[in-house]
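K.L.:
Quick one: structure below, then a few questions.
The values are calculated or read from the model by the stated rules, or taken from the named source; none is laboratory data. Bear in mind that the values here come from a model prediction, so they are computed numbers and not experimental data. Don't worry about glycine lacking a Cβ; one is built from the backbone with ideal geometry, like all the others, and counts go over all protein chains shown.
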Ligand SMILES: Nc1ncnc2c1ncn2[C@@H]1O[C@H](COP(=O)(O)OP(=O)(O)O)[C@@H](O)[C@H]1O
């Protein structure tokens, strides 16, 4: 069982890299952002509850997010491992993930971060917003708010996972294949 947390600011390329890594390492990819968007689109109760926060560029409350993540994990009992993308995003979520995986005899194997400069990423998100249809990528104020949320609530996880000796980082700028290669060098050694 290999469980990898793919970490990085909004727009760092987590989703793009996850598509390659899940194939290469035969992992079950769980993107909390994708699950929320799926629920929004289908008008589920979870989608309705999450929408209020996503529309403001805020994080969805921990209780809701943790429950959703656990449900996604439970759907894949026979997997060889998970690739968590966009989760955890708060220390409370990281604690909940550790506890939850422990009940199954599993743990987070490593957290791998994609590093990039804020200004490059804001431009990337605005570009993505032109074609993705994601409302949260079309409004610079919302994007800036997501960075504020990241700095306040998510950045502390770097120290959290460093404290566990599980934090690795690569340069997220470059060709997509180059970045995949950098991530693979780390994952191959786990
Ligand atoms: N782990 C999480 N905790 C709280 N909210 C989340 C989480 N994952 C996703 N969300 C919500 O869904 C939105 C979109 O997620 P995602 O596609 O991962 O965003 P981004 O492109 O900003 O990294 C976030 O801005 C947030 O409101």
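K.L.:
Among (1) near the ligand (Cβ under 10 Å from one of its atoms); (2) surrounded by 15 or more Cβ atoms within 10 Å (Cβ to Cβ), where does residue 25 come up short?
P.N.:
(1)
K.L.:
May I pose another question? Output the residue which, of all residues in region 82-100 that are crowded, with 17+ Cβ neighbours inside 10 Å and away from the ligand (no atom under 11 Å from the Cβ), is nearest to residue 158 (Cα to Cα).
P.N.:
Going through the qualifying residues, I end up with 83.
K.L.:
Let me ask you something else. Which number in (1) more than 21 Å from residue 111 (Cα to Cα); (2) buried (at least 16 other Cβ atoms within 10 Å of the Cβ); (3) within 8 Å of the ligand (Cβ to nearest atom) marks the one condition that residue 46 misses?
P.N.:
(3)
K.L.:
Right, next: What are the residue pairs meeting all of these: first residue in region 42-60, first residue under 15 Å from residue 135 (Cα atoms) and free of Cβ contacts under 8 Å to residues at least 24 places away in the same chain, second residue near the ligand (Cβ under 6 Å from one of its atoms) and in a loop (DSSP other than H, G, I, E, B), Cβ atoms under 6 Å, and 6 or more apart or on different chains?
P.N.:
Note: pairs meeting the criteria are 50/60; 53/60.
K.L.:
Moving on. What residue, of 103, 109, is under 18 Å from the mean Cα position of the chain (by Cα) and away from the ligand (no atom under 14 Å from the Cβ)?
P.N.:
Result of the check over 103, 109: 109.
K.L.:
Could I ask something else about it? Being within 16 Å of the ligand (Cβ to nearest atom), in contact (Cβ under 8 Å) with a residue 60 or more places away in the chain and touching a strand residue (DSSP E or B) at 6+ places or on another chain (Cβ under 9 Å): is that true of residue 160 here?
P.N.:
yes
K.L.:
For the structure I just gave you, tell me whether residue 69 is crowded, with 19+ Cβ neighbours inside 10 Å, within 14 Å of the ligand (Cβ to nearest atom), at pLDDT 95 or above and more than 17 Å from the chain's Cα centre (by Cα).
P.N.:
Considered against the rule, which asks whether it is crowded, with 19+ Cβ neighbours inside 10 Å, within 14 Å of the ligand (Cβ to nearest atom), at pLDDT 95 or above and more than 17 Å from the chain's Cα centre (by Cα), residue 69 comes out as no.
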